[in-house]
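Visitor: Quick one: this structure, given as structure tokens, is what I'll be asking you about.
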Amino acid sequence: MSDGDLVLLAWSDYVGITRVRGLVSRIYPKRMTTGIGWAVAGQVLTPFDDLGPNPWGSMMEVRQVPVPETHRKIDIWSDAPPLEMVLCDARTLDGKQWECGTRAFYENALKDFREETGLEFMAAFEHEFQLLGVDGPDAPPFSIEHVRKVPHFMSDLARALNQADVDVESIEPEFGVNQFEVTTGPATGMAAADNPIIVREVIREVARRLGYRATFTPKPTPEAVGNGAHVHFSFLDQEGNNATYDPDGPGGASEVAQHFIAGVVKYLPALCAYMASSPVSYLRLGPHHWACGYASFGIQNREAGIRICPSADPSNQSRSFNLEVRAPDATASPYIVLGSLIRAGLQGIRDALPMPAAVEGDPSDLTEAQRSDMGIVALPGSLEEALAVLDADEVARSWMPELMYQCFVGVKQTEITLAKGLTDQDLCERYRNVY
Ligand code: GLU
Ligand code: MG
């Protein structure tokens, strides 16, 4: 078979792994409406190949149907075939949306948000990751050495991401050893969650081609700097204006943004199960690491669970004003991260929740009494705790259709069982080898 003769039909599952089946290029155009069959029991795979409990077993099958606008072909390599992939919608055999699919979960949240607010949702993920397999002494963080130790990685990545048409903005050294960060411009609607999936796979491929491995695991080792997948977001009105911003609102937040922020703060402990959804996530999540340890709101504050970001262009606040949630990591599917974020914010809008007071500095430096006065609660300390909070929250658990919820929780419980008895070191290693 010659180069580029294989198209990978791809989807992101409950554990945030991009799974694929391959179609030869000759067949691909004929499968734009029917896609490829997939036994849905695969949806409850843990990161380690064990299956979580599910009612589908050997019987239930859906079609993974290509979403044409997500088709990408990256062919910057002369020594390897192109990476050609397309994201898919899971459809039942009669062509309807399969409601337990992750892309459907986001699509339905987006639809409700649009219908109830008349606004468009817009978001961008920040991608933090470490390169494994880099030789030589550790370079100082943010140094030229940090970048120039892997010059081909940096330039190939720029070329590959440009080709992937994901509006890449920056590729930078980060604080940790061989840690990097890629940022992209915001995208509206479905692309906001499709793009990060594409970006991660392109980063992985560029690293692979050069003999490295890119890991997005939340905590590569217990001592290492964590990898977040922070989400920046804003809303657009019908005229394309930034509906999150109001110069007269507190911190510049519009009324709809204030309610949305309040919803996110209220549900953040439950949201952790959706956004930081693996046992290893809780070695990252917590105070003092700019990852966030409390359900709190802040202006500029990198220790807040949700914050108003400093403006990239103070002369044009209305364009650049955006909010950021810091709990998410790459063990959660971007569809589940953004879908649950929208659900939480939308609930805040429905209930007209008042915006919480902004916290200054690290909430862990406040006394228990000060935190309780401000309504700031600690985020769960483990996936087990996060699932218990979610399970006890009638509203947050209703965001997924009941069957999807049961299966999602089942996979996560299976992951917890698999992680039992492992040292932190071993837990980090297991996840580092997968994500
Ligand atoms: N690496 C930190 C995290 O795990 C974030 C550092 C930053 O602000 O970029 O979320
Ligand atoms: Mg960063």
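The values are calculated or read from the model by the stated rules, or taken from the named source; none is laboratory data. Keep in mind that this is a model prediction, so the values were computed, not measured. Cβ coordinates were reconstructed from backbone atoms using ideal geometry, including for glycine residues, and neighbour counts include every protein chain displayed.
So that you can scan it fast, the table gives a plain yes or no per residue for (1) of a type in the set (Val, Ile, Thr); (2) within 29 Å of Glu303 (Cβ to Cβ):
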position: Asp165; (1), (2): no, no
position: Val182; (1), (2): yes, yes
position: Pro196; (1), (2): no, yes
position: Val202; (1), (2): yes, no
position: Thr215; (1), (2): yes, yes
position: Pro218; (1), (2): no, yes
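Visitor: For the stretch 22-32, indicate whether the set of residues that are surrounded by fewer than 19 Cβ atoms within 10 Å (Cβ to Cβ), part of a strand (DSSP E or B), in contact (Cβ under 8 Å) with a residue 60 or more places away in the chain and of a type outside the set (Lys, Arg) is non-empty.
Guide: Scanning the stretch 22-32, I find no residue that is surrounded by fewer than 19 Cβ atoms within 10 Å (Cβ to Cβ), part of a strand (DSSP E or B), in contact (Cβ under 8 Å) with a residue 60 or more places away in the chain and of a type outside the set (Lys, Arg), so the answer is no.
Visitor: What is the one condition in (1) surrounded by 16 or more Cβ atoms within 10 Å (Cβ to Cβ); (2) not in a strand (DSSP E or B) that Phe129 does not satisfy?
Guide: (2)
Visitor: Related question: Working carefully through the options Gly228, Gly185, find the one that is away from ligand 1 (no atom under 15 Å from the Cβ), touching a residue at least 60 places away in the same chain (Cβ under 8 Å) and over 20 Å from Glu84 (Cα atoms).
Guide: Result: Gly185 is the single residue among Gly228, Gly185 that is away from ligand 1 (no atom under 15 Å from the Cβ), touching a residue at least 60 places away in the same chain (Cβ under 8 Å) and over 20 Å from Glu84 (Cα atoms).
Visitor: So is Val134 away from ligand 2 (no atom under 15 Å from the Cβ) and in a loop (DSSP other than H, G, I, E, B) or not?
Guide: In short, yes.
Visitor: Another question about this same structure. I'd like to verify a number: residues in the stretch 305-338 that are within 12 Å of ligand 1 (Cβ to nearest atom) and at pLDDT 90 or above, how many?
Guide: Count: 9.
Visitor: Something else now. So Gly185 clears everything in (1) closer than 30 Å to Ile342 by Cβ; (2) surrounded by 16 or more Cβ atoms within 10 Å (Cβ to Cβ) except one condition, right? Which one?
Guide: (2)
Visitor: If Phe233 passes every condition in (1) in a strand (DSSP E or B); (2) aromatic (Phe, Trp, Tyr); (3) free of Cβ contacts under 8 Å to residues at least 40 places away in the same chain but one, which one does it miss?
Guide: All conditions pass for Phe233, except number (3).
Visitor: All but one of (1) in a helix (DSSP H, G or I); (2) more than 27 Å from Leu271 (Cβ to Cβ); (3) touching a Gly at 6+ places or on another chain (Cβ under 9 Å); (4) not polar (S, T, N, Q) hold for Ala193, so report the exception by its number.
Guide: Just one mismatch for Ala193, condition (2).
Visitor: Looking only at the stretch 137-157, decide whether some residue is in contact (Cβ under 8 Å) with a residue 40 or more places away in the chain, crowded, with 18+ Cβ neighbours inside 10 Å, over 24 Å from Glu69 (Cα atoms) and within 16 Å of ligand 1 (Cβ to nearest atom).
Guide: Taking every residue of the stretch 137-157 in turn, none turns out to be in contact (Cβ under 8 Å) with a residue 40 or more places away in the chain, crowded, with 18+ Cβ neighbours inside 10 Å, over 24 Å from Glu69 (Cα atoms) and within 16 Å of ligand 1 (Cβ to nearest atom).
Visitor: Please go through the stretch 267-304 and pick out each residue that is of a type in the set (Phe, Trp, Tyr) and either within 14 Å of Glu360 (Cβ to Cβ) or at pLDDT 90 or above (or both).
Guide: Of everything in the stretch 267-304, those that are of a type in the set (Phe, Trp, Tyr) and either within 14 Å of Glu360 (Cβ to Cβ) or at pLDDT 90 or above (or both) turn out to be Tyr267, Tyr274, Tyr282, Tyr294, Phe297.
Visitor: Kindly provide the set of residues from the stretch 384-407 that are crowded, with 20+ Cβ neighbours inside 10 Å and either more than 19 Å from Pro279 (Cα to Cα) or out of contact with any helix residue (DSSP H, G or I) (no Cβ under 8 Å at 6 or more places or on another chain) (or both), ordered by number.
Guide: Selection gives Ala396, Trp399, Met400, Met404.
Visitor: Quick one: is Val62 in contact with a His (Cβ under 8 Å, 6 or more places away or on another chain), at negative phi and among the β-branched types (Val, Ile, Thr)?
Guide: no
Conditions (1) among the aliphatic types (A, V, I, L, M); (2) assigned to a strand (DSSP E or B); (3) surrounded by fewer than 24 Cβ atoms within 10 Å (Cβ to Cβ); (4) within 16 Å of ligand 2 (Cβ to nearest atom), marked per residue:
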residue: Leu268; (1), (2), (3), (4): yes, no, no, no
residue: Ala273; (1), (2), (3), (4): yes, no, no, no
residue: Ser278; (1), (2), (3), (4): no, no, no, no
residue: Tyr282; (1), (2), (3), (4): no, no, yes, no
residue: Ala304; (1), (2), (3), (4): yes, no, no, yes
residue: Pro310; (1), (2), (3), (4): no, no, yes, yes
residue: Glu324; (1), (2), (3), (4): no, yes, yes, yes
residue: Pro328; (1), (2), (3), (4): no, no, no, yes
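Visitor: Please determine, by comparing only the residues of the stretch 284-297 that are hydrophobic (A, V, I, L, M, F, W, C) and part of a loop (DSSP other than H, G, I, E, B), which one is farthest from ligand 2 (Cβ to nearest atom).
Guide: For the stretch 284-297, the residue satisfying everything is Leu285.
Visitor: Report whether or not Thr221 is surrounded by fewer than 23 Cβ atoms within 10 Å (Cβ to Cβ) and within 16 Å of ligand 2 (Cβ to nearest atom).
Guide: no
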